[in-house]
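Scroll down for the structure; my scribbles are underneath it.
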């Protein structure tokens with residue numbers, strides 16, 4: 001579990017992360033979304049102790065990451081696939097990480113095989129494609145068999161087969177009870193991979209909720225509800241601020257509330273539900289609408305704030 005409490009990071013007069021509070025729980029894939037300049041990479045770096053917070057705190061499994069002497073046994077992270085020594089072989093790179101974290105060297109071969117790089121184990125990393133470097137970074141994250149995993153844009157450079165493999169890998173890791181936190185700008189992949197979302201803009205929290213609930217907040221999204229108590233449920237959701245359209249006998253199309261909220265209202269009013277599903281929901285559309293006020297710059301026009309953060313070394 002990752003617990004972020006009032007986390008803040010400033011670079012001079014620029015606030016990259018502004019009083020963020022959220023929890024990433026085990027057993028599901030949590031997507032981490034935000035426009036460019038939102039503070040995602042800075043947040044990830046603070047989680048694993050690469051950046052010192054200006055204020056607030058972040059713990060992993062109840063402790064600050066810096067207090068763990070064998071970090072890769074507790075947290076595996078891929079933040080920059082290119083941040084490796086090009087003159088080393090893949091096996092040598094992982095071997096160094098294994099020795100410094102008291103991890104059995106047999107794990108090097110195991111993770112290289114798992115990510116599909118066993119045949120390239122003795123090749124120099126400098127000759128790897130971006131997709132191969134991504135796979136090597138994932139291998140490094142898996143090396144210590146940790147309960148918590150962080151990935152920043154892990155799909156860059158991967159071909160369609162590689163994307164599908166990563167998607168299945170994340171779901172398997174979450175199914176094993178691990179905490180999986182993935183930052184990505186690929187909305188389609190988030191729709192197929194994430195169970196929950198943490199969304200930030202200008203360093204502030206915008207949403208922390210199930211993916212379906214977030215997508216349902218976008219214009220045009222509707223939740224289809226089939227119930228023998230249609231009139232009573234319509235009254236209940238309208239009282240909560242939703243819009244309701246009838247779509248046949250016992251079927252309601254509800255806008256403005258997520259499926260979880262509708263289910264809770266039905267439970268509170270003791271109303272039976274025969275179907276509850278999100279229709280016409282687009283994560284990309286909801287993301288664009290709900291983060292519109294948090295975009296740092298438009299095409300061709302970078303803000304002064306973004307430039308300041310870049311100079312301070314903040315990637316996003």
Could you give the angle, 0 to 90 degrees to the nearest 10, between helix 130-142's Cα long axis and the longest principal axis of the Cα atoms of the chain?
-> 90 degrees
Once both label points are put 7 Å beyond Cα along the C-beta direction, the residue 274-residue 5 separation in nm becomes 4.8 nm
Label-to-label distance, nm, for residues given as residue 59 and residue 284 (7 Å Cα→Cβ offset) | 4.1 nm
Helix 160-175 versus the longest principal axis of the chain: what angle, 0 to 90°, nearest 10, using Cα atoms?
-> 80 degrees
Can you check how the C-alpha radius of gyration of the chain compares to 2.2 N^0.38 Å, as a plain ratio?
-> 1.11
With axes computed from alpha carbons, what is the tilt in degrees of helix 230-239 against the longest principal axis of the chain, rounded to the nearest 10 within 0 to 90?
-> 70 degrees
Translational diffusion coefficient, Stokes-Einstein: compute it for the stretch 152-194 using the Kirkwood radius over C-alpha pairs as Rh, at 37 °C and 0.692 mPa s, and state it as an integer in µm² s⁻¹.
-> 309 µm²/s
What is the distance in Å between the Cα centres of the stretch 213-269 and the stretch 131-194?
-> 34 Å
Given the stretch 104-154 reduced to its alpha-carbon atoms as identical point scatterers, what log10 I(q)/I(0) does the Debye formula return at q = 0.13, 0.30 Å⁻¹?
-> -0.29, -1.25
Using a 10 Å cut-off on Cβ atoms, rank the peptides 66-76, 236-246 from the highest mean neighbour count down.
-> 66-76, 236-246
Taking every eigenvalue of the Cα gyration tensor of the stretch 222-279, multiplying by 5 and rooting it, what semi-axes result, largest first, whole Å?
-> 13, 13, 11
Among 209, 110, which comes first, second and so on when ranked by fewest other beta-carbon atoms within 10 Å?
-> 110, 209
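Read-outs: derived from the displayed coordinates by stated rules, not from any lab. What you see is a predicted model, and the numbers here were worked out from it, not measured in a lab. Neighbour counts run over all protein chains shown; Cβ positions are idealised from the backbone, glycine included.
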